[in-house]
1. Explain nothing, just the number: relative contact order of the chain, from Cα pairs under 8 Å at least 6 residues apart, as a whole percent.
2. Need one number: % antiparallel among DSSP beta bridges in segment 3-145, to the nearest 5.
3. Mind listing the long-range amide H neighbours of E102? Cut-off is under 5 Å, sequence gap 5 or more, other chains count too, H placed in the peptide plane at 1.01 Å from N.
4. Identify the GluC sites (Glu not before Pro) of segment 81-143 meeting these criteria: DSSP loop state and at most 15 other C-beta atoms within 10 Å of the C-beta.
5. Assign unit charges at the C-beta atoms only (+1 for Lys and Arg, -1 for Asp and Glu), then state the dipole size of segment 3-145 relative to its Cα centre in Debye, rounded to the nearest 20.
6. From the helices alone, meaning DSSP H stretches of at least four residues, give me the mean residue ellipticity at 222 nm for the chain, per-run term -39500 (n - 2.57), in deg cm²/dmol to the nearest 500.
7. Need one number: nm distance between label points at T88 and A126, each 7 Å from Cα along Cα→Cβ, rounded to one decimal.
8. On alpha carbon coordinates alone, what is the Rg over Rh value for the chain, Rh being the Kirkwood radius?
Amino acid sequence: MVRLALYQPDIPQNTGAIIRLAACMGVALDVIGPTGFVWEEKRMRRAGMDYRELAAVSRHASWQAFREARAGSRLLLLTTQGAEPYHTFAYCRGDVLLLGRESAGVPLDVHQIADARLRIPMMPEARSLNVALSAAIVLGEALRQTQSFPTIPPNLDS
């Protein structure tokens with residue numbers, strides 16, 4: 001299954017929105033520390049609403065700890081500096097979609113380690129999308145290609 005990963009996120013509300021996205025789409029989320037905010041369960045419950053309990057969230061103290069935990073997975077970095085548009089890329093189950101810090105993205109060594117650097121085509125005058133919006137856009141395509149969307153139960157009213 002495709003996973004989401006946040007590299008040292010800065011904004012708890014964005015992290016909460018991505019927790020909700022992960023819960024609703026049935027994908028796991030890795031949060032790579034240190035975060036730019038205090039991670040308190042009460043605060044994260046508020047940011048992620050009642051979806052925090054539904055989400056499979058793994059927290060990693062460092063980039064190295066994350067790399068060890070996800071060794072063997074293909075790492076796909078979502079970046080405005082990416083060479084390949086996200087919608088032309090061929091996704092596989094087991095891919096990790098990595099999103100950088102809202103304030104600074106990811107460092108150069110992370111760029112260099114990534115198996116692919118994907119971008120979302122935008123208008124030339126636009127800098128970037130919100131990290132949670134970017135996660136939703138690219139995750140949707142990855143789930144479509146890998147046929148991994150959650151199963152919709154049959155409508156019992158029909």
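1. Details: 277 pairs, mean separation 44.9, N = 158.
Reported as a whole number, the value is 28 percent.
2. The antiparallel proportion sits near 5 percent.
3. The answer is D10, I11.
4. Answer by residue number: E125.
5. 200
6. On the way: 5 runs with 49 residues, N = 158.
So the helix-based figure for the chain works out to -9000 deg cm²/dmol.
7. In this crude label model, T88 to A126 measures out at 1.8 nm.
8. Values: Rg = 15.5 Å, Rh = 16.0 Å.
With Rg and the Kirkwood Rh in hand, the quotient comes to 0.97.
Values quoted throughout were computed directly from the atomic coordinates according to the rules given, and no laboratory measurement underlies them. Model, not experiment: these values are computed from the prediction. Heads up, the Cβs are rebuilt from the backbone with ideal geometry, glycines too, and the neighbour counts pull from every protein chain shown.
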